[in-house]
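Engineer: Below is a structure I'd like to ask you about.
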Amino acid sequence: MILLDGKKTSADLKVEIAESVKQIKAKGGKTPHLAAILVGTDGASMTYVNAKVKACELVGFNSTLVDLPEETSEETLLNEIKKLNNNEDIDGFIVQLPLPKHIDEQKVLMAVNPDKDVDGFHPTNVGRMALDLPSFLPATPYGILELLERYKVETSGKNVVVIGRSHIVGRPMSILMSQKRPAGDATVTVAHSRTKNLKELTLKADIIVAALGIPEFLTGDMVKEGVTIIDVGITRVNDTSKKRGYRLAGDVDFATVSPKSAFITPVPGGVGPMTIAMLMKNTLLACERKN
Ligand code: L34
(Lines give C-alpha, C1' and ligand atoms only; values in the text may rest on other atoms or scores of the structure.)
Protein backbone atom coordinates (compact mmCIF):
# COMPACT_ATOMS: atom_id res chain seq x y z
CA MET A 1 0.00 0.00 0.00
CA ILE A 2 1.39 3.39 -1.04
CA LEU A 3 0.04 6.56 0.56
CA LEU A 4 -0.79 9.30 -1.93
CA ASP A 5 0.73 12.00 0.26
CA GLY A 6 -1.12 15.23 -0.41
CA LYS A 7 0.69 17.09 2.33
CA LYS A 8 4.10 16.43 0.84
CA THR A 9 2.99 16.82 -2.79
CA SER A 10 1.28 20.12 -2.05
CA ALA A 11 4.43 21.34 -0.29
CA ASP A 12 6.48 20.40 -3.39
CA LEU A 13 4.00 22.24 -5.60
CA LYS A 14 4.14 25.34 -3.46
CA VAL A 15 7.94 25.37 -3.71
CA GLU A 16 7.61 25.20 -7.51
CA ILE A 17 5.07 28.01 -7.53
CA ALA A 18 7.22 30.15 -5.21
CA GLU A 19 10.11 29.68 -7.64
CA SER A 20 7.94 30.92 -10.55
CA VAL A 21 6.84 33.92 -8.49
CA LYS A 22 10.45 34.77 -7.73
CA GLN A 23 11.27 34.74 -11.43
CA ILE A 24 8.27 36.91 -12.28
CA LYS A 25 9.26 39.44 -9.63
CA ALA A 26 12.91 39.41 -10.76
CA LYS A 27 11.73 40.42 -14.23
CA GLY A 28 9.70 43.24 -12.73
CA GLY A 29 6.40 41.44 -13.27
CA LYS A 30 3.27 41.79 -11.20
CA THR A 31 2.91 39.92 -7.90
CA PRO A 32 -0.02 37.49 -8.19
CA HIS A 33 -2.94 38.55 -6.00
CA LEU A 34 -5.72 36.22 -4.81
CA ALA A 35 -8.84 37.36 -2.97
CA ALA A 36 -11.30 35.19 -1.06
CA ILE A 37 -14.80 36.08 0.08
CA LEU A 38 -16.00 34.31 3.20
CA VAL A 39 -19.60 34.76 4.34
CA GLY A 40 -20.37 33.73 7.92
CA THR A 41 -18.36 31.87 10.56
CA ASP A 42 -18.61 28.18 9.65
CA GLY A 43 -15.65 26.57 11.40
CA ALA A 44 -14.51 24.37 8.52
CA SER A 45 -14.83 27.20 5.97
CA MET A 46 -12.79 29.51 8.21
CA THR A 47 -10.08 26.84 8.50
CA TYR A 48 -9.93 26.34 4.71
CA VAL A 49 -9.89 30.06 3.86
CA ASN A 50 -7.21 30.76 6.45
CA ALA A 51 -5.14 27.95 4.95
CA LYS A 52 -5.54 29.60 1.53
CA VAL A 53 -4.36 32.98 2.85
CA LYS A 54 -1.36 31.29 4.51
CA ALA A 55 -0.48 29.46 1.29
CA CYS A 56 -0.48 32.82 -0.53
CA GLU A 57 2.09 34.17 1.93
CA LEU A 58 4.22 31.06 1.51
CA VAL A 59 4.41 31.25 -2.30
CA GLY A 60 4.85 35.03 -2.39
CA PHE A 61 1.37 36.11 -3.53
CA ASN A 62 -0.58 39.03 -2.20
CA SER A 63 -3.91 38.06 -0.67
CA THR A 64 -7.09 39.84 0.36
CA LEU A 65 -9.72 38.33 2.63
CA VAL A 66 -13.21 39.79 2.36
CA ASP A 67 -14.85 38.64 5.57
CA LEU A 68 -18.63 39.20 5.60
CA PRO A 69 -21.19 38.47 8.34
CA GLU A 70 -23.68 35.57 8.05
CA GLU A 71 -26.60 37.97 7.52
CA THR A 72 -25.00 39.64 4.45
CA SER A 73 -27.61 40.15 1.75
CA GLU A 74 -27.27 38.65 -1.71
CA GLU A 75 -27.12 42.18 -3.12
CA THR A 76 -24.21 43.14 -0.88
CA LEU A 77 -22.32 39.97 -1.82
CA LEU A 78 -22.92 40.58 -5.54
CA ASN A 79 -21.61 44.10 -5.03
CA GLU A 80 -18.42 42.80 -3.39
CA ILE A 81 -17.95 40.47 -6.37
CA LYS A 82 -18.34 43.39 -8.74
CA LYS A 83 -15.65 45.30 -6.86
CA LEU A 84 -13.23 42.38 -7.18
CA ASN A 85 -14.11 41.96 -10.87
CA ASN A 86 -13.21 45.62 -11.43
CA ASN A 87 -10.12 45.69 -9.21
CA GLU A 88 -7.16 45.60 -11.61
CA ASP A 89 -4.75 44.34 -8.97
CA ILE A 90 -6.78 41.18 -8.20
CA ASP A 91 -5.81 38.37 -10.59
CA GLY A 92 -8.27 35.82 -9.25
CA PHE A 93 -10.79 35.35 -6.46
CA ILE A 94 -13.08 32.76 -4.92
CA VAL A 95 -16.32 32.81 -2.97
CA GLN A 96 -15.95 30.10 -0.34
CA LEU A 97 -18.84 27.60 -0.30
CA PRO A 98 -21.25 26.76 1.20
CA LEU A 99 -23.09 30.10 1.35
CA PRO A 100 -25.90 30.92 3.81
CA LYS A 101 -29.29 29.57 2.67
CA HIS A 102 -30.76 32.99 1.85
CA ILE A 103 -28.17 33.51 -0.91
CA ASP A 104 -28.59 32.00 -4.38
CA GLU A 105 -25.31 30.19 -5.02
CA GLN A 106 -25.89 29.91 -8.77
CA LYS A 107 -26.40 33.65 -9.09
CA VAL A 108 -23.22 34.33 -7.12
CA LEU A 109 -21.01 32.00 -9.15
CA MET A 110 -22.35 33.48 -12.39
CA ALA A 111 -21.38 36.98 -11.23
CA VAL A 112 -17.65 36.16 -11.10
CA ASN A 113 -15.66 37.30 -14.14
CA PRO A 114 -14.63 33.99 -15.80
CA ASP A 115 -11.08 35.33 -16.31
CA LYS A 116 -10.75 35.71 -12.52
CA ASP A 117 -12.68 32.53 -11.68
CA VAL A 118 -9.75 30.56 -10.18
CA ASP A 119 -12.23 28.04 -8.68
CA GLY A 120 -13.38 27.16 -12.21
CA PHE A 121 -17.04 27.21 -11.11
CA HIS A 122 -18.43 29.69 -13.67
CA PRO A 123 -20.49 28.07 -16.49
CA THR A 124 -17.98 29.45 -19.01
CA ASN A 125 -15.14 27.58 -17.37
CA VAL A 126 -17.20 24.43 -16.78
CA GLY A 127 -18.22 24.46 -20.43
CA ARG A 128 -14.68 25.08 -21.61
CA MET A 129 -13.44 22.24 -19.42
CA ALA A 130 -16.06 19.85 -20.83
CA LEU A 131 -15.03 20.83 -24.38
CA ASP A 132 -11.29 20.26 -23.73
CA LEU A 133 -10.59 23.99 -24.09
CA PRO A 134 -8.13 25.83 -21.82
CA SER A 135 -9.92 26.82 -18.62
CA PHE A 136 -9.46 27.03 -14.87
CA LEU A 137 -9.92 23.52 -13.52
CA PRO A 138 -11.72 23.27 -10.16
CA ALA A 139 -9.03 22.91 -7.51
CA THR A 140 -10.08 19.63 -5.89
CA PRO A 141 -10.38 17.59 -9.13
CA TYR A 142 -7.24 19.31 -10.45
CA GLY A 143 -5.40 18.29 -7.28
CA ILE A 144 -6.54 14.68 -7.64
CA LEU A 145 -5.26 14.58 -11.25
CA GLU A 146 -1.94 16.01 -10.07
CA LEU A 147 -1.61 13.36 -7.33
CA LEU A 148 -2.41 10.51 -9.75
CA GLU A 149 0.10 11.90 -12.23
CA ARG A 150 2.95 12.48 -9.78
CA TYR A 151 2.57 8.99 -8.29
CA LYS A 152 2.31 7.53 -11.82
CA VAL A 153 -1.01 5.80 -11.13
CA GLU A 154 -2.08 4.29 -14.46
CA THR A 155 -5.53 5.57 -15.46
CA SER A 156 -5.65 4.83 -19.20
CA GLY A 157 -8.29 2.18 -19.92
CA LYS A 158 -8.97 1.68 -16.20
CA ASN A 159 -12.40 1.40 -14.63
CA VAL A 160 -13.03 4.45 -12.47
CA VAL A 161 -16.05 4.75 -10.20
CA VAL A 162 -16.78 8.26 -8.95
CA ILE A 163 -19.20 8.22 -6.02
CA GLY A 164 -20.99 11.55 -5.87
CA ARG A 165 -22.12 13.99 -8.55
CA SER A 166 -21.52 17.39 -6.94
CA HIS A 167 -20.64 20.36 -9.12
CA ILE A 168 -17.41 20.89 -7.17
CA VAL A 169 -15.98 17.38 -7.27
CA GLY A 170 -17.92 14.39 -8.64
CA ARG A 171 -19.19 15.90 -11.88
CA PRO A 172 -15.93 17.57 -13.00
CA MET A 173 -13.88 14.56 -11.85
CA SER A 174 -15.92 12.22 -14.02
CA ILE A 175 -15.53 14.50 -17.05
CA LEU A 176 -11.79 15.04 -16.57
CA MET A 177 -10.87 11.39 -16.07
CA SER A 178 -12.75 10.35 -19.21
CA GLN A 179 -10.89 12.93 -21.31
CA LYS A 180 -7.77 12.38 -23.39
CA ARG A 181 -5.29 13.88 -20.93
CA PRO A 182 -2.71 12.94 -18.28
CA ALA A 183 -4.53 10.99 -15.53
CA GLY A 184 -7.36 10.57 -18.04
CA ASP A 185 -8.43 8.10 -20.72
CA ALA A 186 -10.36 6.14 -18.10
CA THR A 187 -13.73 4.40 -18.40
CA VAL A 188 -15.77 6.35 -15.86
CA THR A 189 -18.95 5.43 -14.00
CA VAL A 190 -20.69 8.06 -11.88
CA ALA A 191 -22.54 6.59 -8.91
CA HIS A 192 -24.88 8.54 -6.64
CA SER A 193 -27.68 8.22 -4.10
CA ARG A 194 -30.03 6.58 -6.62
CA THR A 195 -27.46 4.05 -7.86
CA LYS A 196 -28.52 0.42 -7.46
CA ASN A 197 -26.02 -2.27 -6.45
CA LEU A 198 -23.18 0.15 -5.83
CA LYS A 199 -21.05 -2.65 -4.39
CA GLU A 200 -21.20 -4.51 -7.73
CA LEU A 201 -19.69 -1.41 -9.39
CA THR A 202 -17.06 -0.65 -6.76
CA LEU A 203 -15.88 -4.29 -6.70
CA LYS A 204 -15.00 -3.94 -10.40
CA ALA A 205 -13.32 -0.55 -10.04
CA ASP A 206 -9.57 -0.05 -10.50
CA ILE A 207 -9.87 3.46 -9.09
CA ILE A 208 -12.56 4.80 -6.75
CA VAL A 209 -13.11 8.49 -6.08
CA ALA A 210 -15.26 8.74 -2.95
CA ALA A 211 -16.90 12.19 -2.87
CA LEU A 212 -20.31 11.73 -1.29
CA GLY A 213 -19.74 13.26 2.16
CA ILE A 214 -20.72 10.27 4.32
CA PRO A 215 -18.03 9.37 6.87
CA GLU A 216 -16.43 5.92 6.42
CA PHE A 217 -19.02 4.94 3.78
CA LEU A 218 -16.68 2.85 1.61
CA THR A 219 -15.63 -0.31 3.43
CA GLY A 220 -13.13 -3.07 2.68
CA ASP A 221 -15.77 -5.57 1.49
CA MET A 222 -16.73 -3.11 -1.32
CA VAL A 223 -13.32 -2.95 -3.04
CA LYS A 224 -11.08 -5.35 -4.90
CA GLU A 225 -7.46 -6.15 -4.14
CA GLY A 226 -5.05 -3.60 -5.73
CA VAL A 227 -7.57 -0.76 -5.99
CA THR A 228 -6.56 2.92 -5.96
CA ILE A 229 -8.59 5.02 -3.54
CA ILE A 230 -9.12 8.78 -3.62
CA ASP A 231 -10.92 9.93 -0.48
CA VAL A 232 -12.42 13.39 -0.96
CA GLY A 233 -14.63 13.32 2.14
CA ILE A 234 -13.72 15.48 5.11
CA THR A 235 -16.39 15.54 7.81
CA ARG A 236 -15.98 16.82 11.34
CA VAL A 237 -17.30 14.02 13.56
CA ASN A 238 -17.91 14.77 17.26
CA ASP A 239 -15.23 13.15 19.38
CA THR A 240 -14.97 14.13 23.05
CA SER A 241 -11.59 12.39 23.37
CA LYS A 242 -10.10 15.09 21.12
CA LYS A 243 -9.07 18.52 22.37
CA ARG A 244 -10.98 20.27 19.55
CA GLY A 245 -14.04 18.12 20.25
CA TYR A 246 -14.09 16.49 16.82
CA ARG A 247 -12.06 14.31 14.48
CA LEU A 248 -11.79 14.49 10.69
CA ALA A 249 -13.36 11.53 8.89
CA GLY A 250 -13.07 10.69 5.22
CA ASP A 251 -15.67 8.89 3.11
CA VAL A 252 -13.45 5.79 3.25
CA ASP A 253 -13.05 3.37 6.11
CA PHE A 254 -9.26 3.51 6.00
CA ALA A 255 -8.77 0.58 8.43
CA THR A 256 -10.52 -1.97 6.20
CA VAL A 257 -9.86 -0.44 2.74
CA SER A 258 -6.15 0.44 2.97
CA PRO A 259 -4.91 -3.17 3.33
CA LYS A 260 -6.49 -3.98 -0.06
CA SER A 261 -5.26 -0.78 -1.78
CA ALA A 262 -2.32 -0.24 -4.11
CA PHE A 263 -2.59 3.52 -3.56
CA ILE A 264 -4.76 5.46 -1.12
CA THR A 265 -5.11 9.09 0.03
CA PRO A 266 -5.24 9.69 3.79
CA VAL A 267 -7.64 12.10 5.53
CA PRO A 268 -6.33 14.53 6.60
CA GLY A 269 -3.22 15.05 4.49
CA GLY A 270 -4.56 13.81 1.17
CA VAL A 271 -6.90 15.67 -1.17
CA GLY A 272 -7.43 18.71 1.12
CA PRO A 273 -3.93 20.21 0.92
CA MET A 274 -3.86 19.51 -2.84
CA THR A 275 -6.97 21.67 -3.25
CA ILE A 276 -5.11 24.59 -1.75
CA ALA A 277 -1.97 24.07 -3.83
CA MET A 278 -3.99 23.93 -7.08
CA LEU A 279 -5.79 27.16 -6.17
CA MET A 280 -2.34 28.76 -5.97
CA LYS A 281 -1.49 27.24 -9.35
CA ASN A 282 -4.68 28.66 -10.91
CA THR A 283 -3.97 32.09 -9.45
CA LEU A 284 -0.47 32.05 -10.92
CA LEU A 285 -2.01 31.07 -14.27
CA ALA A 286 -4.56 33.89 -14.05
CA CYS A 287 -1.79 36.39 -13.37
CA GLU A 288 0.40 35.07 -16.19
CA ARG A 289 -2.51 35.08 -18.64
CA LYS A 290 -3.20 38.73 -17.95
CA ASN A 291 0.40 39.79 -18.55
N1 L34 B 1 -15.37 28.19 -3.43
N2 L34 B 1 -15.49 26.56 -1.82
C3 L34 B 1 -14.86 27.09 -2.88
N4 L34 B 1 -13.73 26.54 -3.38
C5 L34 B 1 -13.20 25.43 -2.83
O6 L34 B 1 -12.12 24.86 -3.37
C7 L34 B 1 -13.81 24.87 -1.70
N8 L34 B 1 -13.30 23.79 -1.02
C9 L34 B 1 -14.25 22.80 -0.47
C10 L34 B 1 -15.27 23.57 0.38
N11 L34 B 1 -15.68 24.84 -0.21
C12 L34 B 1 -15.00 25.45 -1.24
C13 L34 B 1 -12.17 23.79 -0.28
O14 L34 B 1 -11.34 24.67 -0.35
C15 L34 B 1 -13.34 21.92 0.35
N16 L34 B 1 -12.10 22.67 0.48
C17 L34 B 1 -11.03 22.26 1.31
C18 L34 B 1 -9.84 22.97 1.34
C19 L34 B 1 -8.81 22.56 2.16
C20 L34 B 1 -8.93 21.45 2.96
C21 L34 B 1 -10.11 20.73 2.94
C22 L34 B 1 -11.14 21.15 2.11
C23 L34 B 1 -7.81 21.08 3.86
O24 L34 B 1 -6.82 21.77 3.94
N25 L34 B 1 -7.93 19.99 4.61
C26 L34 B 1 -6.90 19.53 5.54
C27 L34 B 1 -7.42 19.53 6.96
C28 L34 B 1 -7.91 20.83 7.42
C29 L34 B 1 -8.56 20.78 8.80
O30 L34 B 1 -7.84 20.66 9.77
O31 L34 B 1 -9.80 20.82 8.89
C32 L34 B 1 -6.52 18.11 5.13
O33 L34 B 1 -5.43 17.67 5.49
O34 L34 B 1 -7.33 17.43 4.50
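Engineer: Rolling a 1.4 angstrom probe over the protein chains, ignoring ligands and nucleic acids, what is the accessible area of Ser178 in square angstrom, nearest 10?
Structural biologist: In the full protein context, Ser178 sits at about 60 Å².
Engineer: Ignoring any ligand, DNA or RNA, what whole percent of the accessible area of the stretch 4-154 comes from carbon and sulfur when the probe is 1.4 angstrom? Before the final figure, lay out the partial values.
Structural biologist: On the way: 3890 of 7420 Å².
The value for the stretch 4-154 is 52 percent carbon and sulfur by accessible area.
Engineer: Still on this structure, I have one more. Say we join alpha carbon atoms closer than 10 Å with springs in a Gaussian network model of the chain; which of Thr189, Thr265, Thr47 then has the biggest fluctuation?
Structural biologist: Thr47
Engineer: Between the alpha-carbon centers of the stretch 145-175 and the stretch 59-100, tell me the distance in whole angstrom.
Structural biologist: For the stretch 145-175 versus the stretch 59-100, the Cα centre distance is 29 Å.
Engineer: List the residues whose amide H sits under 5 Å from the amide H of Thr64, counting only those 5 or more places along or on another chain, with H placed 1.01 Å from N in the peptide plane.
Structural biologist: Leu34, Ala35, Ala36
Engineer: Next question. Looking at the chain, send over the antiparallel percent of its DSSP beta bridges, to the nearest 5.
Structural biologist: Roughly 10 percent of the beta bridges in the chain run antiparallel, per DSSP.
Engineer: May I pose another question? Roll a 1.4 angstrom probe over the protein heavy atoms and tell me the percent of accessible area of the stretch 157-202 that is carbon or sulfur.
Structural biologist: 48 percent
Engineer: Something else: In whole Hz, what ³J(HN,Hα) sequence does the stretch 232-238 give by Karplus (6.51, -1.76, 1.60; θ = phi - 60°), x for Gly and Pro?
Structural biologist: 8, x, 8, 10, 7, 9, 3
Engineer: Can you list, largest first and rounded to whole Å, the semi-axes you get for the stretch 1-123 by taking the square root of 5 times each eigenvalue of its Cα gyration tensor?
Structural biologist: For the stretch 1-123, the semi-axes come out at 27, 20, 12 Å.
Engineer: To continue, here is another question. Output wanted: per-residue J couplings in Hz (rounded whole) for the stretch 18-35, from phi through Karplus 6.51 cos²θ - 1.76 cosθ + 1.60, θ = phi - 60°, x for Gly and Pro.
Structural biologist: 4, 5, 4, 5, 4, 5, 4, 5, 4, 8, x, x, 6, 6, x, 9, 10, 10
Engineer: Using the heavy atoms of the protein chains and a 1.4 angstrom probe, tell me the accessible area per residue for the stretch 15-76 in square angstrom.
Structural biologist: Per residue, the stretch 15-76 has 53 Å² of solvent-accessible surface.
Engineer: Taking θ = phi - 60°, what integer Hz values does the Karplus form 6.51 cos²θ - 1.76 cosθ + 1.60 yield along the stretch 256-268, in sequence order, with x for Gly and Pro?
Structural biologist: Ordered by residue, 3J(HN,Hα) equals 9, 8, 4, x, 9, 8, 7, 9, 8, 8, x, 10, x Hz.
Engineer: Taking amide H positions as placed 1.01 Å from N in the peptide plane, with prolines and chain starts having none, which residues 5 or more places from Leu218, or on another chain, fall under 5 Å of its amide H?
Structural biologist: Residues meeting the amide H criterion: Val252, Asp253.
Engineer: In addition: In Å², what does the accessible area per residue of the stretch 149-291 work out to with a 1.4 Å probe? Don't skip to the answer; put the middle values down first.
Structural biologist: Values: 6800 Å² over 143 residues.
Heavy-atom SASA per residue in the stretch 149-291 reads 48 Å².
Engineer: In the structure displayed, which of Lys25/Lys101; Lys27/Lys116; Lys7/Lys242 lie more than 30 Å apart, Cα to Cα?
Structural biologist: Lys25/Lys101
Engineer: Normalized C-alpha radius of gyration of the chain, against 2.2 N^0.38 Å?
Structural biologist: Details: Rg = 19.0 Å, N = 291, 2.2 N^0.38 = 19.0 Å.
Ratio of Cα Rg to 2.2 N^0.38 Å: 1.00.
The values are calculated or read from the model by the stated rules, or taken from the named source; none is laboratory data. What you are looking at is a predicted structure, and each value in this text was computed from that prediction instead of being measured. All accessible areas refer to the heavy atoms of the entire protein, side chains included, with ligands and DNA or RNA removed. Shrake-Rupley method; radii C 1.70, N 1.55, O 1.52, S 1.80 Å.
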